[in-house]
Amino acid sequence: MEVFDVRLHLLWSDILIFLLVASLCAFIVTVVRNPLACKRWSQVFESRIGSASFLVILFYVLIALTDSVHFQKKLDQAGDSGEVHYAPEVTSLLDLALAPMLGRDEKTYSAPFAIHSFAKESMELPEGGVTRDYPRLEHGGSHLDDDAQHGADIVVKSMTVIGWTLVPVLILIFLHHSLMKKRGSRLPWPVIYFTFSAIVVVSSWALYMSQFYHVLGTDKVGQDVLYGAVKAVRTGVLIGTLATLVTLPLAVLLGISAGYFRGWVDDVVQYIYTTLNSIPGILLIAASVLLIDVYIETHPEQFKLLSDRADFKFVALCFILGMTSWTGLCRLLRAETLKLSQLEYVQAAHAFGVSRWRVIMRHILPNTTHLILIALVLDFSGFVLAEAVLSYIGVGVDPSMKSWGNMINEARAELAREPVVWWSVIAAFILMFVLVLAANLFSDRVRDAFDPRMSGSGDNK
């Protein structure tokens, strides 16, 4: 008998995200060993906004990592054949953490923390006859004996879980503060403590309250909206990260080559990105996605599970977004390299016979790092928003895949109802807004630390 009746199921996106984590760890080790880079990055984290936004981004990344460990559950055996079968649905560790939200579907819409359905239904009266009223939800508030207890129950349960969560958090903060007080540190610990506490308290409150209510309501088919919004975090984080990393090597290689070698190399690179920019981006992406759909339909044998099909389309979309979005950074790096290649220390390196490759690696690339880092974070937030737009018009990720764009797309008809079903759009908007805002604020601090033209006056913001 197996200890765990599950089988790991690796998706391509799972492999990519863990490779990215390994690369990030290697990058951190490199930064720690480089005193100059370590000093610059310390300026980012010594700022209040930089530390707070990094914690928010890290929280989103942890959710994405938890949702990237997939497995299939073992099915009960119907006979004595000895053959082991596994469920066709793929489950993740995040699904286990969000278990209070699973298996509690209602019939249709219900508002946040509601105990009655959002739409009226025909109901039979106990004494006979039929009336139209808002039926009681099957799961939301089912523990209540009296509807009059509804408001008080929410307040009491909220205060209870917040209190029980704050106690260990405050103890942990006190112990850490005592330790760091002896060592000394320039990090803005009050802001870090507050951000950490807010993340832990809000997460614990949402998980606990989901055992009793639908915190963000339910959608058209009665599924918990909070569950779908949290599951969409992985899609947002991955599409922003993978598409950005596809963009990066193309932009850096072609941009620096065009600015440094000039001549025919510059002409070819300019011709490529000018031609690519002349094609409407949405049309190019839509055509590429449709080709991917055709490939999936004509090769069904390659996709045994629905999750494999959705994941293949998702990875392809990341690649397509990256291949069509590198021109802006490429043009910026070309202009910067043209300027750097004329500076005295670069000309001196040429005069001493230093090879071109060494000049690029020792003088050109390090002095364009600030542009690359800023573009990385800004492109990340841009791709998160792009996914929402593409899914809204029907050429984004697979409809079976949870994403903020799909949530907004499905909510189009809901906004035309009277009264308006607003919570699906608001849930997607809030989670997407927080991630994009944190990424943009973090990029500002990176710019302040790495851009040589900045005076560094914003380090403590």
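Here are the numbers for this structure:
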item	result
Some residue of region 1-19 being at pLDDT below 85, of a type in the set (Val, Ile, Thr) and either under 16 Å from ILE192 (Cα atoms) or surrounded by 11 or more Cβ atoms within 10 Å (Cβ to Cβ) (or both)	yes
Some residue of region 318-339 being part of a helix (DSSP H, G or I) and of a type in the set (Phe, Trp, Tyr)	yes
Filtered residues of region 138-157 (kept if surrounded by fewer than 12 Cβ atoms within 10 Å (Cβ to Cβ) and closer than 17 Å to GLY217 by Cβ)	GLY151
Any hit, region 175-190, residues being touching a helix residue (DSSP H, G or I) at 6+ places or on another chain (Cβ under 9 Å), among the small types (Gly, Ala, Ser) and farther than 30 Å from TRP326 by Cβ	no
Qualifying residue in region 370-388 (condition: closer than 30 Å to ILE256 by Cα and open to solvent by 50 Å² or more (accessible area, probe 1.4 Å))	yes
Any chance ARG356 is touching a residue at least 24 places away in the same chain (Cβ under 8 Å), crowded, with 19+ Cβ neighbours inside 10 Å and of a type in the set (D, E, K, R)	no
All positions within region 170-191 that are part of a helix (DSSP H, G or I) and either closer than 19 Å to ILE63 by Cβ or of a type in the set (Lys, Arg) (or both)	LYS181, LYS182, ARG183
Those residues of region 23-68 which are touching a Gly at 6+ places or on another chain (Cβ under 9 Å) and of a type outside the set (Ser, Thr, Tyr), in sequence order	GLN43, VAL44, ILE49, ALA64
Filtered residue count, region 344-368, keeping only those that are among the aromatic types (Phe, Trp, Tyr) and within 41 Å of the chain's Cα centre (by Cα)	1
Residue in region 22-35 that is among the hydrophobic types (A, V, I, L, M, F, W, C) and touching a residue at least 12 places away in the same chain (Cβ under 8 Å) present	no
Filter result for LEU284 (closer than 25 Å to LEU333 by Cβ, aliphatic (A, V, I, L, M) and open to solvent by less than 80 Å² (accessible area, probe 1.4 Å))	yes
Pairs with Cβ under 6 Å, 6+ apart, first in region 244-266 and in contact (Cβ under 8 Å) with a residue 12 or more places away in the chain and under 20 Å from HIS363 (Cβ atoms), second open to solvent by less than 50 Å² (accessible area, probe 1.4 Å) and not in a helix (DSSP H, G or I)	ALA251/TRP326; TYR260/SER341
Selection count, region 287-305, where residues are open to solvent by 60 Å² or more (accessible area, probe 1.4 Å) and either without any contact (Cβ under 8 Å) to a residue 12 or more places away in the chain or of a type in the set (Asp, Glu) (or both)	9
Some residue of region 45-58 being at pLDDT below 85, open to solvent by 90 Å² or more (accessible area, probe 1.4 Å) and not in a loop (DSSP other than H, G, I, E, B)	no
Evaluation of VAL90 against (1) of a type in the set (A, V, I, L, M); (2) touching a residue at least 12 places away in the same chain (Cβ under 8 Å); (3) open to solvent by 50 Å² or more (accessible area, probe 1.4 Å) (one fails), failing number	(3)
Which listed residue, of LYS182, LYS107, is open to solvent by 80 Å² or more (accessible area, probe 1.4 Å), of a type in the set (D, E, K, R) and touching a Ser or Thr at 6+ places or on another chain (Cβ under 7 Å)	LYS107
Meets criteria (open to solvent by less than 30 Å² (accessible area, probe 1.4 Å) and of a type in the set (Asp, Glu)) for ASP266	yes
Region 406-432, subset of a type in the set (Gly, Ala, Ser) and at pLDDT 85 or above, residue surrounded by the fewest Cβ atoms within 10 Å (Cβ to Cβ)	SER424
Per-region count, region 423-450, residues hydroxyl-bearing (Ser, Thr, Tyr) and farther than 22 Å from THR218 by Cα	1
Filter pass, ALA375 being in contact (Cβ under 8 Å) with a residue 60 or more places away in the chain, farther than 25 Å from TRP326 by Cα, part of a helix (DSSP H, G or I) and in contact with a Leu (Cβ under 7 Å, 6 or more places away or on another chain)	no
Residue tally, condition closer than 13 Å to PHE314 by Cβ, of a type outside the set (Asp, Glu) and not in a helix (DSSP H, G or I), over region 396-420	7
Selection count where residues are open to solvent by 40 Å² or more (accessible area, probe 1.4 Å), in contact with a Phe, Trp or Tyr (Cβ under 8 Å, 6 or more places away or on another chain) and of a type in the set (Ser, Thr, Tyr), scope region 110-137	1
Residue list for region 269-281, restricted to those being more than 24 Å from MET361 (Cβ to Cβ), of a type outside the set (Ser, Thr, Tyr), open to solvent by 50 Å² or more (accessible area, probe 1.4 Å) and outside any loop (DSSP other than H, G, I, E, B)	ASN277
Among the candidates VAL215, VAL221, VAL230, residue that is on the phi < 0 side of the Ramachandran plot and part of a helix (DSSP H, G or I)	VAL230
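The values are calculated or read from the model by the stated rules, or taken from the named source; none is laboratory data. The model shown is predicted, which means the values in this text are computed figures rather than measured ones. Cβ coordinates were reconstructed from backbone atoms using ideal geometry, including for glycine residues, and neighbour counts include every protein chain displayed. Protein only, heavy atoms only, side chains kept; ligands, DNA and RNA dropped before computing areas. Shrake-Rupley method; radii C 1.70, N 1.55, O 1.52, S 1.80 Å.
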